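Input: a single structure, listed below in structure tokens.
Only the coordinates and a few stated rules stand behind these numbers; no lab work does. Model, not experiment: these values are computed from the prediction.
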Amino acid sequence: MATQRFFLELAYDGSHYHGWQLQPNAIGVQEVLNNALSTILREPIETLGCGRTDTGVHAKQFFAHFDAEKLMTDGIWQIDKGGFLRSLNSVLPHDIAVSNIFAVNADAHARFDATLRSYEYHIHFNKDPFKHGYSWLLRDEPDLEPMNKAAKIIMEYIDFSCFSKSNTQVKTNNCKISKAEWVKTDSGIVFHISADRFLRNMVRAIVGTLIQVGKKEIEPEDVHTIIRSKNRSNAGTSVPACGLYLTEVVY
């Protein structure tokens, strides 16, 4: 029986996971999803995700691909898609939800075929038990005007070594950022950023640096020097993972 490649669309609360990636000594979302799919399909299933999220980071939209034999034959679905999704969600824990499955070409790749990824970082200023673990509580409200000025400066560059976790195994630290903007909400502020790819810890390091600008610890123009230095120690501290969400992946 021939295998067919599928894409799964899912969302997850990352609070209790060590990120997406399969790891030897910690539980990641990928391991839980692999086990659930293997249980439902009664064959060994290994997924590959559209990217990696750090420990505690959430995903409102995430894609993973996998190969399976029993779902489709000669282009014809052998199962009811709605029933399959309900069965899969019943096996998955409450903090992981699958919303769609669709067949793709054999060479389709959830990670390498993605052309755009978008993240949000949420910050609130008043203690709220319902935001704990899903937004960062910041005591003093920063000034958004210089923060957005600095965000525009970031968009002028492509080499973001200064915002990358050190010793990562990537071929390049170049990313094309197409959006970087702070927006005020009823209860706080949200940072929106989109790019073709992101480096490990990049968004949290950018947010930490922009918060320094908003607190008047550095000037927006200092971001030029930070980025040109290509030195992580010159950028701001990484903010907590709880406020970060992967919100969109485009193919």
Rounded D (µm²/s) - the stretch 116-250, Kirkwood Rh over Cα pairs, Stokes-Einstein at 25 °C, 0.890 mPa s: 165
The stretch 163-216: relative contact order in percent, alpha carbon pairs under 8 Å with at least 6 residues between: 39
Phi-based couplings in Hz for the stretch 64-69 (Karplus 6.51, -1.76, 1.60; Gly and Pro marked x): 9, 10, 7, 10, 8, 9
Cα-based equivalent ellipsoid, the stretch 4-104: semi-axes from gyration tensor eigenvalues, Å: 23, 13, 12
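Using the structure shown, select from Lys70/Lys131; Lys149/Lys230; Lys81/Lys179; Lys60/Lys184; Lys81/Lys171; Lys60/Lys149 the pairs with a Cα to Cα distance greater than 31 angstrom.
Over 31 Å Cα-Cα: Lys70/Lys131; Lys81/Lys179; Lys81/Lys171.
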The chain, helix-only ellipticity at 222 nm - DSSP H runs n ≥ 4, -39,500 (n - 2.57), divided by all residues, nearest 500: -7000 deg cm²/dmol
Overall Cα dimensions of the chain, principal axis frame, Å, largest first: 62, 41, 32
